[in-house]
């Protein structure tokens, strides 16, 4: 006998606008949902206004064909049908979408299928963001990506700021400034974060002793590991593992 999903009653009792309100507070993000017939069933204010209407209520029940030029509407509908037929999401689609002036420019869209209680596709929902805006948000991370990846791949190695700066083609001073801008933490602080994250996985998936985990993740010793872990996670490694089993 299938165990009832405790989320079902919770979802049935939730008002749709509660979910939509999250997207009303995300700057630069447009949100929408459609049924199988392609009619809009939900949207945040930014998406509704981009469609040329005053609010969500004015958009509900309309389809892409009612709003967009035929070539855009056909492209949107084709992807929606594919998502519903396969049950698979389409992340980070780069496609044309009207900007605030009505011009067709490149936007980044992510669409996922919606399912009913029987597990059947019943529509799609998604987000739309300016492609240029997305690139601008990612740019600080891309500038120091090589260094961040090197840190993650070499957790037990001593931190060499000069080497990391060289990987990004920057001076040490410029690298440290840009790294902090991207991650809101110094390279050394980022290394500790990654070590703690790796240790968390080992605590969750293995029976290794804290001293062994400390060695494998680059901490100086078990005491250093415990101190840094508690600072980040607010509990000791032993308490963290115990809470997982409770």
* Given R₀ = 30 Å, FRET efficiency for residue 115-residue 54 by Cβ-Cβ distance, to 0.05? -> 0.45
* Distance from the stretch 161-215 to the stretch 21-63 (C-alpha centre basis), Å -> 40
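Contour minus end-to-end for residue 173 and residue 63, with contour as 0.36 nm per residue of separation and end-to-end as the Cα-Cα distance?
Using 0.36 nm per residue and subtracting the Cα-Cα distance, I get 34.3 nm.
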* How far is helix 187-205 tilted off the main Cα axis of the chain, in degrees rounded to 10, range 0 to 90? -> 80
* Asked: Build a GNM of the chain with springs between Cα atoms under 10 Å: which of 60, 208, 36 gets the top mean-square fluctuation?
  -> 208
* Under a GNM of the chain (C-alpha, springs under 10 Å), which listed residue has the highest mean-square fluctuation: 31, 47, 219? -> 219
* Go ahead and estimate [θ] at 222 nm for the chain from helices alone: -39,500 (n - 2.57) per DSSP H run with n ≥ 4, summed, over the residue count, rounded to 500. => -16000 deg cm²/dmol
* What are the semi-axes of the equivalent ellipsoid for the stretch 144-245, taken as the square roots of 5 times the Cα gyration tensor eigenvalues, largest first, in whole Å? -> 28, 13, 11
* **In degrees, nearest ten, helix 222-233 long axis to first principal axis of the chain (Cα)** => 30
* In degrees between 0 and 90, to the nearest 10, how far off the longest principal axis of the chain does helix 131-143 point, with axes built from Cα atoms? -> 10
* When the chain is fully extended, how far beyond the present Cα-Cα distance does residue 105 get from residue 93, taking 0.36 nm per residue of separation? -> 3.0 nm
* State whether the chain is rounded, prolate or oblate according to the following rule on the C-alpha gyration tensor (a ≥ b ≥ c being the square roots of its eigenvalues): a/c under 1.5 gives rounded; otherwise a/b larger than b/c gives prolate, and the remaining case gives oblate. => oblate
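Every number here is computed from the coordinates shown, using simple stated rules; none is lab data. Bear in mind the structure is a predicted one, so any value in this text is a computation, not a measurement. Here the Cβ is made from the backbone with ideal geometry for all residues, glycine too, and neighbour counts use every protein chain on show.
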